[in-house]
């Protein structure tokens, strides 16, 4: 065979008339990849875990707030008792000074001062008992607060870690989306506008797949086998004819 012998079909590649349809199939492949990436963007595994951790953290914060409110109220009660005890102590000291200063000599007045001191001391003792009860109640609340603070700090660290993972995963997916979008745009350059419009309409109607390979006698869009009569009719069509599968309605692309 001489140098001018024609090349084999394998070397020739797809017939030029099929180029727009082959490009359309590339567009479909990119659209499928884009759909998968968009789905991945909304279903990043760490995002669900992050949401769970954020809810748990919110519950911990609510618990900390409740504990803090109880601790604050106990602190106010403690301060009130201490202030009353201090005030009583000052009054007792003033009364005792009057009692023992010699300024009061009348027996009745001295007795009244003594009774006032005794009553104040009884009241002071009652307040001290109540203060002790408050101080004893504060200890377990402080323990609760420390435990809750430690749990919240651990939860905050885990939430921060998961947020970083989600941010990194989102950035990776968005970068891949950008690349796929650019590749899709390049692939559409060789597809006639009317064919692309038909494809877009079918893709919307048919779950994201508007064009599918015809592999042998099977549509890879719906995976149904075409009857022999339909296959024979397709073979007799011009190579650039836009073929629609009678069952699913998708554009069939003959790649071999």
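Among the residues of segment 114-162, those that are within 29 Å of the chain's Cα centre (by Cα) and free of Cβ contacts under 8 Å to residues at least 40 places away in the same chain comprise 146, 147, 150, 153, 154, 157, 160, 161.
A count restricted to segment 57-71 and to residues that are in contact with a helix residue (DSSP H, G or I) (Cβ under 6 Å, 6 or more places away or on another chain) and closer than 15 Å to residue 153 by Cβ stands at 5. Considering 161, 174, the condition of being assigned by TED's automatic domain parsing to the domain that holds residue 87, under 30 Å from residue 55 (Cβ atoms), part of a helix (DSSP H, G or I) and touching a helix residue (DSSP H, G or I) at 6+ places or on another chain (Cβ under 8 Å) is satisfied by 174 alone.
Of everything listed in (1) without any contact (Cβ under 8 Å) to a residue 12 or more places away in the chain; (2) under 13 Å from residue 166 (Cα atoms), the single unmet condition for residue 79 is (2).
Figure legend. Inter-residue proximity from segment 89-101: first residues more than 13 Å from residue 114 (Cβ to Cβ), second residues modelled with pLDDT of 90 or more and part of a helix (DSSP H, G or I), beta-carbon distance below 9 Å, spacing 6+ or different chains. Indicated pairs: 89/124. The residue list 91, 23, 38, 55 contains one member that is in a helix (DSSP H, G or I), surrounded by fewer than 18 Cβ atoms within 10 Å (Cβ to Cβ) and at pLDDT below 95, which is 91.
The combined condition, being outside the structural domain of residue 140 (by TED's automatic domain parsing) and assigned to a helix (DSSP H, G or I), is not fulfilled by residue 62.
The values are calculated or read from the model by the stated rules, or taken from the named source; none is laboratory data. These figures come from a predicted structure and were not determined experimentally. Note that each Cβ is placed from the backbone with ideal geometry, even for glycine, and that neighbours are counted across all protein chains shown.
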